[in-house]
Amino acid sequence: MPTEQLVVHGAREHNLKNVTVRIPRRALVCITGLSGSGKSSLAFDTIYAEGQRRYVESLSAYARQFLQMMEKPDVDSIDGLSPAISIDQKTTSRNPRSTVGTVTEIYDYLRLLYARVGRPHCPICGRPIAGQSLDQIVEQVLRLQEGTKFTVNAPVVRDRKGEYKDVLEELRRDGFTRVKVDGEQRLLEEPIELDKKFKHTIEVVVDRLAMKADLRQRLTQSIETATSLAAGLVVIDVVSSDGADRQGGPRSGKAPRDGSKVGGLSSTTFSENLACPDHGVSLPELEPRVFSFNSPHGACPRCTGLGAQLEIDPDLLVPDTSLSISEGALVPWTIGSQSFYDSVIQAIADRYEISLETPWRELTSDEQDRFLYGTDGDRILVTYRNRMGRKRQYTMAFEGLVANLQRRYRETDSSQQRERIEEYMSFRPCPTCHGARLKPEVLAVTIGEKSIHEFTQLSVTAALRFIDELELTKTEELIGRRIVKEVRERLTFLDNVGVGYLQLDRAAKTLSGGEAQRLRLATQIGSQLVGVLYILDEPSIGLHQRDNGKLIGTLERLRDLGNTVLVVEHDEQMMRSADWIVDIGPGAGEHGGVVVAEGTADVIARTDGSVTGEFLSGRRRIAVPDRRAEDGRGWFTVRGASMHNLKDIDVGFPVGRLTCVTGVSGSGKSTLVNEIVYKALANRLNKMRTKPGDHLGVEGIECFDKVIEIDQTPIGRTPRSNPATYTDLFTHVRELYSLTPEAKVRGYKPGRFSFNVRGGRCETCRGDGQIKIEMHFLPDVYVPCETCHGRRYNRETLEVRFKGKSIADVLEMSVEEALEFFAKIPKIRRRLQTLHDVGLDYIKLGQPATTLSGGEAQRVKLAAELSKIATGKTLYILDEPTTGLHFADIEKLLEVLQKLVDNGNSVVVIEHNLDVIKQADWIVDLGPEGGEDGGEVIATGTPEEVADVEDSYTGQFLRGILALPAAAAA
């Protein structure tokens, strides 16, 4: 068998129909096809699973027990298989300590760099500090001009209150005769009285010397004595010819610059330690662990390196500032029986003459603080009625709502109360480190005048620029050259895959799936592996068309190293750049699982029966609408959006139309739509307690009665969740089965047909249908339950049938099959129809939620919303709904979105796909770049209007795609 090909024989995993395919090695190969056609089954569940399984099996039994092993896929054989690495979109770390810098290993190199060539400073005065050896101190003192008189002093007490009788007595016993107390030289034989209420400085005079040629030995002994007395410190006082001290010069740890003064000053402090001689702040020995916020050696002790703490957030206590206190502005005091707090509110209002009818936003900050932060020790007169209805009074100093909730949260043992209080809490910057995560003495170490925290606050692009412009001394250059090279290479890789806008301290859990995947891709490029099979799942997700070329160039570089790069992708530019395409189809689910075509893009375009080929050749395309929707029912406008990189922008969205928010990656789209628009409207319309991003306000909220965000988060975290349960379809199916004659005779209620509760489910597997068997040196095995044979229910429940099918048979049906089966049951048919409309014919009703892709989960959510009774005043927000969708699937999605708009609803989508953008009624284009260079409104209008804007990258690509129909017509 030739080694130039990867050959898969007889793949039958999931819906694959005995597929045999030949894939060239050391090439960029694109696997495409309709959603659900079997692309992932071939790429991940067959090729990757077998490659990973073979590698793990080559390890010792001891090593295998620590690794997740894959089951052998259902395939006859795979030849020419290399070690496989999967780069998917489900690997984002949820750990709050993970950042862009840590997951890419850049932060590890930065810690090493700062430990080796960082320049320490005093965190109090900012003065550079450095530890010096005894010999170095002696050498600097020996530079004094011959004949110069000076004393060697040991500062045993520095700026501390006390009488210090014991210290002075001990010095006297040790044979010392002179001390310098608060700048005045005194004899120890004299009585020295110190006022314990004031700070004092005591320096013992170890030796009095005059500079001469043979002084080295005595000077060394004197300095050694002084440093042993003063924990590594020694003060050199230069004395004038008449023996009096020259006062008034500040101390410095710098080397002397002339022959008569140490450091050019009358008094100089030297330190053997890494410490500020003036403030006594000691720095630990600079090691990489000191710069880690995951280590107690470097982490801020208050927040333990998280940089933030969960605290009561005043903005969540008063989400609607237009309300007065009497109207319920203070939300925690409006829930349940709050007679005590009603009395306190009235008492505060009476004491400080505050109107309870005035809107919260119109109260002064002092008036607001009385309720939030207390009466500052002032006692207020609280009047209340006891259980007998009698009026009682008492005085109290009120702690404030914030402190009250914080105390109750800390003291309560009730998890229910803690959860309720957590609704008013958010992560706020640590008051000690202000979000920097590290100790102040660690943050005082700099390179190029930036601390390690300031470095991580830079975007990837800015950090690359900083590294390129960094100036080091010759010694620092010699030490740090290799480290700087590693940092520069990793930053360059990140910039090349289109994430140059990300800050290095960005939390990993806030990254999108596409961003996380590109970070891993950059890390793999940095590893310089050769002969590896890389398998990627839609790497172009979240990328603007402008950045696609960079990504493709990166994949080609990975290929040119000698690797095979396999991408599951729908992007046309990616397909045309691939060396080879494998088109799976022709349909989805049971109608897919066959290799329809394979070859170059030109070959696919000429292949009859290939839906992909029809779009590549131009025989079929998503048409530009003949006309745009007329003006809707008005506008809703965000004012002063300034969260993250948004530059205090005002953005208007038409009501009752399809609006597309576009822009390069990192331009601020998700911040504007998800963090500001959705959260601001959800607070008002859905009564959610969530804090929107910084903005002045939203006008036009009255145009809507609810807002719905449809994202790609899983519809459930356990295999028990499935499309049938999520869409509420299964509730109606269970009700239907409870109405069958057999169920009525047996007295079965709908609950009998649930696999989550006792009664109807199989108790051996508790409704899972399978049992997990742990294998110590092999992958865990899931075997069908021997009692129910994988059907989840007990025998009695399965005996109840509708049209010859049991409830377990229904869960095994695809949406397409179920639509035909329940055609005459309106409640069930309507929900199945919505799943069909969004292109999910192929999924099974009982398919575990954990096996659905992000795009499938999003469409299940969309179907669930479509099945509800529409009011025509809903705002739908979708974040990249074309993820995982083929050209043909996008056609269906656009029909669904248009139906929502036709019913009077408003739809706002964040999208990069040009087929969706050209269909929009209105476009809001942000930019011009990502990160700090983004956050501005570049263009708004119809696709045709945006295409005419020269500065818009989206407009540049729209120009070409809008010109195609005109060219075809001509």
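The values are calculated or read from the model by the stated rules, or taken from the named source; none is laboratory data. Keep in mind it's a predicted model, so treat the numbers as computed, not measured. Ideal geometry is used to build each Cβ from the backbone, glycine not excepted, and the neighbour counts take in all protein chains shown.
Within the set R546, R576, the sole residue that is among the basic types (K, R), farther than 30 Å from R22 by Cβ and in a helix (DSSP H, G or I) turns out to be R546. Of the residues T461, T432, the single one that is more than 17 Å from the chain's Cα centre (by Cα), under 18 Å from R506 (Cα atoms) and of a type in the set (V, I, T) is T461.
On the stretch given as region 259-311, residues that are at pLDDT 90 or above and among the hydrophobic types (A, V, I, L, M, F, W, C) total 8. Of all the criteria given as (1) crowded, with 18+ Cβ neighbours inside 10 Å; (2) assigned to a helix (DSSP H, G or I); (3) aromatic (F, W, Y), the one not satisfied by F466 is (1). Filtered by the rule that a residue be closer than 21 Å to G101 by Cβ and hydroxyl-bearing (S, T, Y), region 471-494 gives a lone residue, T492.
Would you call E556 over 20 Å from L885 (Cβ atoms) and either touching a residue at least 40 places away in the same chain (Cβ under 8 Å) or among the basic types (K, R) (or both)?
Details: over 20 Å from L885 (Cβ atoms): yes; either touching a residue at least 40 places away in the same chain (Cβ under 8 Å) or among the basic types (K, R) (or both): yes.
Yes.
Each row is one residue, and each column tells you yes or no for (1) buried (at least 17 other Cβ atoms within 10 Å of the Cβ); (2) in the same structural domain as G38 (by TED's automatic domain parsing); (3) out of contact with any strand residue (DSSP E or B) (no Cβ under 7 Å at 6 or more places or on another chain); (4) within 28 Å of Q770 (Cα to Cα).
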| site | (1), (2), (3), (4) |
| --- | --- |
| P784 | no, no, no, yes |
| R792 | yes, no, no, yes |
| T797 | yes, no, yes, yes |
| K803 | no, no, yes, yes |
| A818 | yes, no, yes, yes |
| A823 | no, no, yes, no |
| K827 | no, no, yes, no |
| T834 | yes, no, yes, no |
| D841 | yes, no, no, yes |
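Residue check: V487 meets all listed conditions (1) surrounded by fewer than 22 Cβ atoms within 10 Å (Cβ to Cβ); (2) in a helix (DSSP H, G or I); (3) in contact (Cβ under 8 Å) with a residue 60 or more places away in the chain but one, namely (1).
With respect to (1) in a loop (DSSP other than H, G, I, E, B); (2) modelled with pLDDT of 90 or more; (3) more than 30 Å from C122 (Cα to Cα), the lone exception for D413 is condition (2).
When V651, V677 are checked against the criterion of being closer than 25 Å to L962 by Cβ and either crowded, with 18+ Cβ neighbours inside 10 Å or among the hydroxyl-bearing types (S, T, Y) (or both), V651 stands alone in meeting it.
Within region 559-584, which residues are surrounded by 21 or more Cβ atoms within 10 Å (Cβ to Cβ) and of a type in the set (A, V, I, L, M)?
Taking region 559-584 as the starting set, the residues that turn out to be surrounded by 21 or more Cβ atoms within 10 Å (Cβ to Cβ) are 563-571, 574-575, 578, 581-584.
If the condition is that a residue be surrounded by 21 or more Cβ atoms within 10 Å (Cβ to Cβ) and of a type in the set (A, V, I, L, M), then V565, L566, V567, V568, M574, M575, A578, I581, V582, I584 are the ones that fit.
The rows are residues; the columns are (1) under 26 Å from R620 (Cα atoms); (2) modelled with pLDDT under 90; (3) of a type in the set (K, R).
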| position | (1), (2), (3) |
| --- | --- |
| S906 | no, no, no |
| D921 | yes, no, no |
| D925 | no, no, no |
| P928 | no, no, no |
| E932 | no, yes, no |
| V937 | no, no, no |
| P965 | yes, yes, no |
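Of all residues in region 586-619, those satisfying the criterion of being out of contact with any Asp or Glu (no Cβ under 7 Å at 6 or more places or on another chain), surrounded by 16 or more Cβ atoms within 10 Å (Cβ to Cβ) and modelled with pLDDT under 90 are G587, H591. When region 203-229 is filtered for residues that are among the polar types (S, T, N, Q) and either surrounded by fewer than 17 Cβ atoms within 10 Å (Cβ to Cβ) or farther than 10 Å from L134 by Cβ (or both), the ones remaining, listed by number, are Q217, T220, Q221, S222, T225, S228.
With the condition kept exactly as written, say whether any residue in region 713-720 is surrounded by 14 or more Cβ atoms within 10 Å (Cβ to Cβ) and modelled with pLDDT of 90 or more. Please lay out each step first, then the result.
We begin by selecting, within region 713-720, every residue surrounded by 14 or more Cβ atoms within 10 Å (Cβ to Cβ); these are 714-716, 719-720.
If we keep only those that are modelled with pLDDT of 90 or more too, we end up with none.
No, every residue in region 713-720 fails to be surrounded by 14 or more Cβ atoms within 10 Å (Cβ to Cβ) and modelled with pLDDT of 90 or more.
Taking region 278-298 as the search range and keeping residues that are within 29 Å of A230 (Cα to Cα) and in contact with a strand residue (DSSP E or B) (Cβ under 8 Å, 6 or more places away or on another chain), which one is surrounded by the fewest Cβ atoms within 10 Å (Cβ to Cβ)? Among them, the one singled out is S282. Within region 585-597, none of the residues are assigned to a strand (DSSP E or B) and acidic (D, E).
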